[in-house]
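Contents: one structure, followed by commentary.
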Amino acid sequence: MATKGLKRKLSALLSADVKGYSRMMGEDEAATVETITVYREVMATLIQEHRGRVVDSPGDNLLAEFASVVDAVNCAVAIQRELAERNAELPAERKMEFRIGINLGDVIQEGERIYGDGVNVAARIEGLAEGGGVCISGTAYDQIGKKLPLGYEFLGERTVKNIEKPIRVYRVLTEPTFAGMLIGEQRAKLRGWQLAAAVAAILVVGTFVVGLWSFHLRPPPSGEVSPVEKMADSLLGRPSIAVLPFKNLSGDAEQEYFNDGITNDIITDLSKFRQLFVIASNTTSTYKGQPRRVKAVGHDLGVRYVLEGSAQRAGKKVRINAQLIDATTGHHLWAERYERDLMDVFALQDEIVQMIVTKLALKIDEAERIRAMRKDTESLEAYDYVLRGLQHLRHTTRPDNRKARQMFEKAIDLDPRYGSAYVALGSSYYQSASYGWTEFPDQALERAHDLAQKALSLEESNGSAHRLLGEVYVRRTQYDLAASELRRAIELNPNDAHSYTTLGSVMLYSGRTDNAIRSLETALRFDPNRGPGYYMELGLAYYLKRRYQDSLGTLEKGLSRRPDFVGYHMALAAVYAQLGRSENAANAAATVLRLHPFFEVDSYGSVFRNPEDREAIVDGLRKAGLK
């Protein structure tokens, strides 16, 4: 019989392979073989220590079997930690990261070999893991429960090759802050009375939350650049650079969007390099149309290098001048004049970025270089529509939002695989929900969510799509999901001030105040011209750490920008009360009641997830005379 000598059993399967193995072999075969041989021995030892056995290890693959899912997951985490330490000693291009997938499933055993769907599912899940990460199937997750000091992020049901039914997939989160947490899985539907209570709570705090989050979309006062502590090359150990807005030499004001697009694209590409510190476009845009003294710019922004230039679009030609300057000496490190066909504008941007990287002598991993400089469309017409749409979106008016959406939709019609166009369109829906420009904000947020997911289906490494998802989750108060997406956005774009600000907000309201301060202060380094909402949240974070003088100075700075925002007066009332400045506290409380006659202390404090944070906020407000 065909089944003679075969037996079935239930096993925990661990499948692993190397991310980018083919590239590594192509670049240095001998070094790759040497590293994987050592790493395989490390993995085999750990598998044995966790009561498992290596079934097979062809090429860069490895299959191991365990009697217990707990042992398999513990082993996977131990492997990744050990290999991470060893990778830290290697140059970036030689780091070898394994992806690990774990499944509990039925297998057929023939001698020492095992076969079947259980093995196949483990291999497919491995392909969904990140380099250095671990993913597990739903059957494995169901067996673990809370037996391990780990967290898990539900990635949804995934349809994978040669597996008939979709499989539940979870990412293992090893950071101590996630221990015992499950992020992303839909909870059971609320009972009727629970739903009514939840809606009532949302209505109570909605005015404050919507007002605060609309701050993040509101442009800061024009021409205002905050001084920033000098950072230069010492900041985070990276060379620092600011890209000033390219001057428009066409004589046509309608071409401003094109110059802004080139400037922002260069900033975005540079920002993806971990070795660089890049000032955000939100801050550098304040220099547009202003007299420029490069040394003064470097001094104000705390950067050593400044890129400035000009662009002129004429017919089917584009002319670009660019120069890289050492702001400490005024010395020109590089200058170039280009005249190309308009169709070559993408390649031209890449040349400028490549020259900057070369002149600053950065050692860039090739995979990072490719990711940073990848363009997600070859359609110049679609790209042009996105640039025009973004210009309208920055005006933050309802008519401009409508025009922007039309242009993004045209871009998608021209190139249905243009990921950035989907993100831009999603941002227009997010903006309309945030500013109250729609009668159906929930549907608008859902549309923004779906468009971000569409962009990620085209390219998972689209940092802007992860950021948009994070913003949507924040609006839904799904803080754990938001934090996961925003961390991924920062991983892909380490200079993204916007993501740092939003992550700081998530940390603040979910009770991780130290993390909130760290994220918000980092955002200010990258973008000294943050909007007024930034100061509100940093001020609250300082307050919760009882740094009342720091809180006062920060909140007063924000109030000077938006004296009509009730949130600042609320927070200042609490700060003044804690400092014993009763008259100031009473005046701030009176302003709160004038701007918000139905204000209730408990509803304001309920925004904070941590009970101790709520108590601290409520205590200050009541000391100020609010009820």
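Each value in this text was obtained by applying a stated rule to the coordinates, not by laboratory testing. All values reported here derive from a predicted model rather than from experimental measurement. Glycine also receives a Cβ, built like all others from the backbone with ideal geometry; neighbour counts cover every protein chain displayed.
Remarks
- Furthest towards positive pole of dipole, ASN87, ALA44, LEU13, structure part the stretch 1-87, Cβ charges: LEU13
- If R0 is taken as 41 Å, the Cβ-Cβ distance between GLU130 and SER603 corresponds to a FRET efficiency of 0.55.
- Normalising the average separation of contacting C-alpha pairs (under 8 angstrom, six or more residues apart) by the number of residues puts the relative contact order of the stretch 483-532 at 33 percent.
- For the stretch 439-468, the residues whose amide N sits under 17 Å from a probe point set 7 Å from the Cα of ARG23 along the beta carbon direction are 459-463.
- Only Cα pairs under 8 Å and 6+ residues apart enter the sum, and on that basis the relative contact order of the chain stands at 9 percent.
- Cut-off under 5 Å, modelled amide H: who pairs with PHE246 long-range: THR263
- At R0 = 25 Å, FRET efficiency that the Cβ-Cβ distance of ALA84 and LEU10 yields, to 0.05: 0.20
- Cα shape, the chain, gyration tensor, a/c 1.5 rule: oblate
- Scalar couplings 3J(HN,Hα) for the stretch 65-74, obtained by applying the Karplus form with A = 6.51, B = -1.76, C = 1.60 to θ = phi - 60°, are 10, 10, 7, 10, 5, 4, 5, 5, 5, 4 Hz; x denotes Gly and Pro.
- Considering only the chain, percent of DSSP beta bridges that pair antiparallel, nearest 5: 80
- Added length on full extension, which subtracts the Cα-Cα distance from 0.36 nm per residue, HIS331 to ARG518: 63.9 nm
- Rough spin-label spacing in nm, given labels placed 7 Å along Cα→Cβ, for ASP564 and GLU378: 5.0
- Computed extension length for ASP106-ALA92: 1.1 nm, one decimal, from 0.36 nm per residue of separation with the Cα-Cα distance subtracted.
- A Förster radius of 22 Å, combined with the Cβ-Cβ distance separating SER57 from GLU34, puts the computed FRET efficiency at roughly 0.90.
- The chain: calculated mean residue ellipticity at 222 nm from DSSP helix runs of at least 4, using -39500 (n - 2.57): -17000 deg cm²/dmol
- Among beta bridges that DSSP assigns inside the stretch 7-183, antiparallel share in %, nearest 5: 85
- Once the chain from TYR115 to THR477 is taken as fully extended at 0.36 nm per residue, the excess over their C-alpha distance is 125.9 nm.
- Summing charges over all other residues whose Cβ lies under 12 Å from the Cβ of HIS331, with Lys and Arg as +1 and Asp and Glu as -1, gives +2.
- Within the chain: Cβ-based charge dipole about Cα centre, in debye rounded to nearest 20 (Lys, Arg +1; Asp, Glu -1): 1360
- Each Cα pair under 8 Å and six or more residues apart adds its sequence gap; the mean of these over the residue count of the stretch 442-598 is a relative contact order of 12 percent.
- Charge context of SER137, other residues only, Cβ under 13 angstrom, K/R +1, D/E -1: 0
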